[in-house]
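Q: Starting off with a structure, shown below.
The values are calculated or read from the model by the stated rules, or taken from the named source; none is laboratory data. All values reported here derive from a predicted model rather than from experimental measurement. Here the Cβ is made from the backbone with ideal geometry for all residues, glycine too, and neighbour counts use every protein chain on show. Surface areas here come from the heavy atoms of the whole protein model, side chains and all, with no ligands, DNA or RNA. Shrake-Rupley method; radii C 1.70, N 1.55, O 1.52, S 1.80 Å.
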Amino acid sequence: MKIFWAWCLSTGMLLSGFAARAAAPAMDWPADLPATKRPWLEKCLKATEEHPQVPYKLGAATPQEGMDCSGAVTYLLGLAGVTPPRSSAAMYTWLAQTPTFVTVPADAKDISHAIYQKLRPGDLIFWAKQDGTVSHVHLFLGKEKSDGRWVMIGSSEGRSYRGVKRSGFGIVDFRVPRAGSATRIIGFGPAPVK
């Protein structure tokens, strides 16, 4: 058993489910991605390389202490010099009043729904509980070059990347909650990065 734990430490494997990453995935960003977004998104990807083992911690917003979902988005937007409201609910209110915000209808139950074709790299995605209370936020990264999978970045407990459960800050697969889930995606919109 000691050999196993020594191997975990030597390879960067953590009990939280994150492994140190050699490099962030190559992204297939659209040609019309605004020039201001690409450098910022590249910084966001680099942040996952520089901080591969940041745990999920409610109320926290730094790589040193941990991050919750809105803390991770606050940190990522800070890389572009933007200071958003601190909670996912306040971020939702902040973006939902903009003309580019997209409200997701309740019948959008899988990724093939037309509404999700409007998602763009750099959009903030919001989830709410069934009672409408905003409960979660992540940053949409777009499609990976290797196979076209949609991914996002943030901090959470229990999401997965390529079938491996993770907890904490990092890149995870974009998935629409299944019918009957406790939450659903309620909207998304571009982060105000200039």
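Residues are listed down the side, and each one gets a yes or a no for (1) closer than 20 Å to V82 by Cβ; (2) open to solvent by 70 Å² or more (accessible area, probe 1.4 Å); (3) in contact with an Asp or Glu (Cβ under 9 Å, 6 or more places away or on another chain):
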{"position": "H113", "(1), (2), (3)": "no, no, yes"}
{"position": "H136", "(1), (2), (3)": "yes, no, no"}
{"position": "E144", "(1), (2), (3)": "no, no, yes"}
{"position": "R149", "(1), (2), (3)": "no, yes, yes"}
{"position": "S156", "(1), (2), (3)": "no, no, yes"}
{"position": "D173", "(1), (2), (3)": "no, no, no"}
{"position": "P177", "(1), (2), (3)": "no, no, no"}
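Q: Let me ask you something else. Looking only at residues in segment 10-38 that are open to solvent by 70 Å² or more (accessible area, probe 1.4 Å) and more than 15 Å from F169 (Cα to Cα), which one is modelled with the lowest pLDDT?
A: By that ranking, first place goes to S10.
Q: May I pose another question? Check segment 151-164 and report whether any residue there is among the polar types (S, T, N, Q), in contact (Cβ under 8 Å) with a residue 40 or more places away in the chain and more than 30 Å from E65 (Cβ to Cβ).
A: No: segment 151-164 contains no residue that is among the polar types (S, T, N, Q), in contact (Cβ under 8 Å) with a residue 40 or more places away in the chain and more than 30 Å from E65 (Cβ to Cβ).
Q: What's the total number of residues in segment 127-171 that are among the hydrophobic types (A, V, I, L, M, F, W, C) and either over 21 Å from I115 (Cα atoms) or at pLDDT below 95 (or both)?
A: 3
Q: Does T100 fit the bill of being of a type in the set (S, T, N, Q), at pLDDT 95 or above and surrounded by fewer than 15 Cβ atoms within 10 Å (Cβ to Cβ)?
A: Yes, satisfied.
Q: Give segment 123-134 a look and list any residue that's open to solvent by less than 10 Å² (accessible area, probe 1.4 Å) and within 10 Å of I186 (Cα to Cα), or say none.
A: I125, F126, W127, A128
Q: Quick check on my filter: what residues within segment 91-125 are among the aliphatic types (A, V, I, L, M), in contact (Cβ under 8 Å) with a residue 12 or more places away in the chain and either assigned to a helix (DSSP H, G or I) or out of contact with any Gly (no Cβ under 7 Å at 6 or more places or on another chain) (or both)?
A: Listed by number, the residues that qualify are M91, L95, A96, A106, A108, I111, I115, L119, I125.
Q: Continuing with the same structure: So G78 fits all but one of (1) modelled with pLDDT of 95 or more; (2) more than 21 Å from V172 (Cβ to Cβ); what number is the exception?
A: Only one criterion in (1) modelled with pLDDT of 95 or more; (2) more than 21 Å from V172 (Cβ to Cβ) is unmet by G78, namely (2).
Q: Follow-up. What residue, among those in segment 162-194 that are β-branched (V, I, T) and part of a loop (DSSP other than H, G, I, E, B), is nearest to L124 (Cα to Cα)?
A: Among residues in segment 162-194 that are β-branched (V, I, T) and part of a loop (DSSP other than H, G, I, E, B), the one nearest to L124 (Cα to Cα) is V193.
Q: Residues in segment 54-89 that are of a type in the set (S, T, N, Q), in a loop (DSSP other than H, G, I, E, B) and buried (at least 17 other Cβ atoms within 10 Å of the Cβ): how many?
A: Total meeting the criteria: 1.
Q: Here is a further query. Output yes when any residue across segment 45-52 is under 16 Å from F140 (Cα atoms), in a loop (DSSP other than H, G, I, E, B), open to solvent by less than 50 Å² (accessible area, probe 1.4 Å) and not charged (D, E, K, R), and no when none is.
A: no
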